[in-house]
Amino acid sequence: MAVRVLFVCMGNICRSPLAEGVFRAEVHVAGLDSQIEVASAGTGDWHAGEPPHRHAQAVALEKGFSIADLRGRQVTSMDFSLFDHVIAMDLVNVAELQELAPPSLAYKIKLFMSFAPDVGSAHGPDEVADPYGDDLEAYRKTLGLCEAAARGLLHYIRMNDLH
């Protein structure tokens, strides 16, 4: 049975698709594609059905992977039953997820940057700032944070979920 990971930001076109793409790449390099499933969603529905932001796609391609096939969707309460880990990009998303989660499944919500405790951001040590509306360099910084946290998350899953 695969471990299922869901990355969540606000609109599901910037941070969470980048996190999904980075984590998929880490999982693939580790040879764990059959053991770890990855998806992303947003707390809002305003970008449902849309591809990731063009800057997010561009910085992903710079790193050698594509997220062009991903489409935005809104997180649902059912996701807490379907996924083992619901990974939020910031504290606002944590709060929204906690409101949506069935109380017995709220323990699945985690901050992405908590898996990279030695890497802080200007937004806060446990948050990936939203680059929406910013330039390409902001998306590169977002991607760098996602890379650091993805390595930590993969290590965590290997130690706690894969036996």
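Residues in segment 13-35 that are hydroxyl-bearing (Ser, Thr, Tyr), surrounded by fewer than 21 Cβ atoms within 10 Å (Cβ to Cβ) and within 28 Å of residue 133 (Cβ to Cβ): 0 in all. With respect to (1) within 19 Å of residue 52 (Cα to Cα); (2) touching a Phe, Trp or Tyr at 6+ places or on another chain (Cβ under 7 Å); (3) not in a loop (DSSP other than H, G, I, E, B), the lone exception for residue 131 is condition (3). Tallying residues that are without any contact (Cβ under 8 Å) to a residue 40 or more places away in the chain and either in a helix (DSSP H, G or I) or not charged (D, E, K, R) (or both) within segment 57-71 yields 4. Restricting attention to segment 78-128 and to residues that are among the small types (Gly, Ala, Ser) and at pLDDT 95 or above, the residue that is farthest from the chain's Cα centre (by Cα) turns out to be 104. For segment 1-12, residues that are crowded, with 22+ Cβ neighbours inside 10 Å and in a strand (DSSP E or B) total 5. Just to be sure, is residue 106 touching a helix residue (DSSP H, G or I) at 6+ places or on another chain (Cβ under 7 Å), buried (at least 16 other Cβ atoms within 10 Å of the Cβ) and of a type in the set (Gly, Ala, Ser)? Against the criterion (touching a helix residue (DSSP H, G or I) at 6+ places or on another chain (Cβ under 7 Å), buried (at least 16 other Cβ atoms within 10 Å of the Cβ) and of a type in the set (Gly, Ala, Ser)), residue 106 does not qualify.
For segment 100-128, give me the residue count where each residue is touching a Lys or Arg at 6+ places or on another chain (Cβ under 6 Å) and either part of a helix (DSSP H, G or I) or more than 24 Å from residue 60 (Cβ to Cβ) (or both).
Looking only at that region, the number is 0.
The values are calculated or read from the model by the stated rules, or taken from the named source; none is laboratory data. Everything quoted here is computed from the prediction, not taken from an experiment. Cβ coordinates were reconstructed from backbone atoms using ideal geometry, including for glycine residues, and neighbour counts include every protein chain displayed.
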